[in-house]
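The values are calculated or read from the model by the stated rules, or taken from the named source; none is laboratory data. Remember, it's a predicted structure, so these values are computed and weren't measured experimentally. Positions of Cβ are backbone-derived with ideal geometry, glycine not excepted, and every protein chain shown enters the neighbour counts. Note: areas computed on protein heavy atoms with side chains; ligands, DNA, RNA excluded. Shrake-Rupley method; radii C 1.70, N 1.55, O 1.52, S 1.80 Å.
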Amino acid sequence: MIGGKRVCVVMPAYNAEKTLGVTAAEIDRALVDDIILVDDASRDATVPKAQELGIHHIVHPRNRGYGGNQKTCYREALSRGADIVVMLHPDYQYSPRLLPALASVVASGHYDCAMGSRILGRGALRGGMPLYKYVANRLLTLAENLLLGYKLTEYHTGYRAFSRKLLETLPLEENSDDFVFDNQMLAQAIWFGFDIGEVSCPTRYFAEASSISFRRSVKYGFGVLGTALEYRLARWGLLRPARLSREGRRLAPSAPGAVPLG
Ligand SMILES: Nc1nc2c(ncn2[C@@H]2O[C@H](COP(=O)(O)OP(=O)(O)O)[C@@H](O)[C@H]2O)c(=O)[nH]1
Ligand SMILES: [Mg+2]
């Protein structure tokens with residue numbers, strides 16, 4: 001609990017057996033009320049590892065992708081009464097020790113979203129981020145700040161905290177099941193008038209850590225530009241995407257068929 005608010009950590013997992021243990025060990029259990037792992041049909045022993053660690057988990061019978069995984073994460077967190085939800089990748093690329101800081105930014109009531117920025121400070125390249133990813137990150141962030149009319153140091157970090165209100169308001173079911181989900185969610189948050197705060201965060205690139213491939217990064221990059229253009233055209237009244245409409249589909253309580261275990 002922070003400020004009387006229930007804190008839930010969600011971990012979208014795909015082949016995270018080797019890093020789940022060290023990631024979970026650094027989560028401050030005195031502060032975190034609930035931990036949920038959603039396994040995306042991993043081919044390794046991620047699920048037995050979650051069982052061994054006593055982590056509440058859901059198993060997708062087939063791989064749905066990073067975005068689809070998050071939809072299940074947030075649906076389950078909401079149905080288990082979370083007020084603040086922090087997404088922590090189980091591949092140990094982001095430091096669980098910054099969880100309290102991210103959750104506190106949302107608990108303050110000033111922000112409904114908090115981002116762990118790898119650009120603030122000198123975290124990204126020092127942490128081993130490939131140069132092409134760093135350059136793409138900077139260029140895409142510049143384009144997004146211009147097209148979304150917002151000011152963030154980066155839009156691409158996977159370390160985020162959200163308020164219950166934001167997760168209940170955004171039409172997240174309209175979003176892609178792929179990596180661009182992360183970016184569509186930020187455009188939606190800005191569209192619906194939520195404020196986004198940032199916290200400095202180092203990152204780590206190492207063999208066991210999962211990382212989006214070059215081909216999927218390029219697809220993601222074009223998806224980001226598409227998201228920002230869609231937003232801008234909608235602001236000009238030239239487009240009315242369901243993703244940016246109050247009628248868009250939101251996360252319904254836990255869907256039948258997703259198998260809660262543990
Ligand atoms: N690559 C991949 N990761 C997934 C998938 N479903 C869930 N994930 C998880 O999503 C997170 C982000 O993916 P990752 O490959 O690490 O991308 P990164 O953000 O570039 O480091 C990781 O914790 C993965 O375990 C999937 O279908 N593919
Ligand atoms: Mg990763």
Residue, farthest from Ser108 (Cα to Cα), within the range 193-205, restricted to residues that are away from ligand 1 (no atom under 11 Å from the Cβ) and open to solvent by 30 Å² or more (accessible area, probe 1.4 Å): Pro202
Filter result for Glu208 (closer than 14 Å to Arg118 by Cβ, charged (D, E, K, R), in contact with a Ser or Thr (Cβ under 8 Å, 6 or more places away or on another chain) and within 16 Å of ligand 1 (Cβ to nearest atom)): no
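It is to be established whether one or more residues within the range 143-158 are outside any loop (DSSP other than H, G, I, E, B) and within 16 Å of ligand 1 (Cβ to nearest atom). Walk me through how you get there before you give the answer.
Initial filter on the range 143-158 (outside any loop (DSSP other than H, G, I, E, B)): 143-148.
Restricting the remaining residues to those that are within 16 Å of ligand 1 (Cβ to nearest atom) gives none.
Within the range 143-158 (the criterion being outside any loop (DSSP other than H, G, I, E, B) and within 16 Å of ligand 1 (Cβ to nearest atom)), the answer is no, since none of the residues qualifies.
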Output the residue which, of all residues in the range 214-243 that are touching a residue at least 12 places away in the same chain (Cβ under 8 Å) and of a type in the set (A, V, I, L, M, F, W, C), is nearest to Pro130 (Cα to Cα). Phe214
So, Asp40, is that one touching a strand residue (DSSP E or B) at 6+ places or on another chain (Cβ under 8 Å) and open to solvent by less than 20 Å² (accessible area, probe 1.4 Å) or not? yes
Would you check which residues across the range 95-122 are open to solvent by 10 Å² or more (accessible area, probe 1.4 Å), within 16 Å of ligand 2 (Cβ to nearest atom) and touching a Ser or Thr at 6+ places or on another chain (Cβ under 7 Å) and list them? Arg118
Filter the range 78-92 down to the residues that are within 14 Å of the chain's Cα centre (by Cα), open to solvent by less than 10 Å² (accessible area, probe 1.4 Å) and either within 28 Å of Lys18 (Cβ to Cβ) or small (Gly, Ala, Ser) (or both) and list them by number. Val85, Val86, Met87, Leu88, Pro90
Determine which single condition Tyr134 fails, assuming it passes every other condition in (1) in a loop (DSSP other than H, G, I, E, B); (2) in contact with a helix residue (DSSP H, G or I) (Cβ under 8 Å, 6 or more places away or on another chain). (1)
